[in-house]
Amino acid sequence: MNIALEQARAAADRGEVPVGAVIVRGDRVVAVAGNRTRELNDPTAHAEILALRAACAEVGSERLPDHDLYVTLEPCAMCAAALAAARIRRVYYGAADPKSGGVAHGARVFSHPQAHHAPEVYDGIAAAECEDLLRRFFAEKREQK
């Protein structure tokens, strides 16, 4: 999660919502990414999606059944659906997202009957640090207005 937090901080430095993601296989880091939606003018450029794309390219497959994702914020429905499609093995996330989450909140993609795959999910990993990073980012944005 420390690497995901580094990616989230780098995203904040770029003016992006501070979310970072890391995909690992065993103890090997396969891909890292932070949000780049503004930079790329791409609403799908969430940290999880960018990390999935990089990991799939690295391993030469659209499926990552023996890979795990660490992400600083609960994945949204779009990201959760992509993680299911990639057959990611485990999802570890930090901060819960009651407003836009798609795992434990909102759409609850992995528990939907149409989900093709449901990874193991572990929440609350370094939650206080992940939440603090998001809280500070949005407080600074409000102060700038």
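With respect to the conditions (1) open to solvent by 30 Å² or more (accessible area, probe 1.4 Å); (2) at pLDDT 95 or above; (3) within 23 Å of ARG14 (Cα to Cα); (4) not small (Gly, Ala, Ser), ARG108 falls short on a single one, namely (3). For the structure I just gave you, tell me whether GLU48 is among the acidic types (Asp, Glu) and open to solvent by less than 50 Å² (accessible area, probe 1.4 Å). So GLU48 passes the test. Within the range 68-117, being more than 13 Å from the chain's Cα centre (by Cα), over 17 Å from ILE49 (Cα atoms) and not in a helix (DSSP H, G or I) holds for PRO98, LYS99, ALA104, HIS105, GLY106, ALA107, ARG108, HIS112, PRO113, GLN114, ALA115, HIS116.
Among PRO65, PRO43, which is the only one that is surrounded by fewer than 17 Cβ atoms within 10 Å (Cβ to Cβ) and either among the aromatic types (Phe, Trp, Tyr) or more than 20 Å from ALA115 (Cβ to Cβ) (or both)? Only one candidate qualifies: PRO43.
The values are calculated or read from the model by the stated rules, or taken from the named source; none is laboratory data. Every value quoted in this text rests on a predicted model; they were computed, and no experiment measured them. Positions of Cβ are backbone-derived with ideal geometry, glycine not excepted, and every protein chain shown enters the neighbour counts. For the accessible areas, the whole protein counts, side chains as well, though only heavy atoms, and no ligand, DNA or RNA atoms are used. Shrake-Rupley method; radii C 1.70, N 1.55, O 1.52, S 1.80 Å.
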